[in-house]
1. Out of (1) at pLDDT 90 or above; (2) out of contact with any helix residue (DSSP H, G or I) (no Cβ under 8 Å at 6 or more places or on another chain), what's the single condition that is false for LEU101?
2. Among what's in the stretch 85-98 and is more than 16 Å from LEU15 (Cα to Cα) and surrounded by fewer than 17 Cβ atoms within 10 Å (Cβ to Cβ), pick the residue that is modelled with the highest pLDDT.
3. Tell me, which helices (runs of 4 or more DSSP H) wholly within the stretch 1-84 include 1 or more residues that are surrounded by fewer than 12 Cβ atoms within 10 Å (Cβ to Cβ)?
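The values are calculated or read from the model by the stated rules, or taken from the named source; none is laboratory data. Quantities reported herein were computed from a predicted structural model and do not represent experimental measurements. Every residue, glycine among them, receives a Cβ derived from its backbone with ideal geometry; neighbour counts consider all protein chains shown.
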Amino acid sequence: MVTEGQGDGRTQEILTAIRHPVRREILKRVIESDRITPTELAVAMQEPLSNVSYHVRHLHDHNMIALVDTEQRRGSLAHFYKGAENEPWLLHLLGIRHPPLT
């Protein structure tokens, strides 16, 4: 276990980013998906879209997920994300048994 003051800066950044349970769940679902939108996440998680979008932006800003595509949908732009982190310890922490296939 990494404690305060140990580990590299990236490890600390990851641990800080996944401190929130909604972000952990979003990250797990994004890593396990080929690509997914905040709307799809909100429906699957039964969370408000505004809440999910906030946490998706946080994960994206910390380079934990990557924007891989956009698509015009009913007058708005859908953003598609996929996981950008595949550290074995992180996958284990999220309960992902095998690295996702790419």
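1. For LEU101, the exception is condition (1).
2. Filtering first and then ranking leaves ARG97.
3. Filter on the stretch 1-84 gives 9-17, 21-32, 49-61.
Residue-wise test of (1) more than 15 Å from ASP61 (Cβ to Cβ); (2) touching a Lys or Arg at 6+ places or on another chain (Cβ under 7 Å); (3) modelled with pLDDT of 95 or more; (4) not β-branched (Val, Ile, Thr).
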| residue | (1), (2), (3), (4) |
| --- | --- |
| GLU13 | no, no, no, yes |
| ILE26 | no, no, yes, no |
| ARG29 | yes, no, yes, yes |
| ILE36 | yes, yes, yes, no |
| THR39 | yes, no, yes, no |
| GLU47 | yes, no, yes, yes |
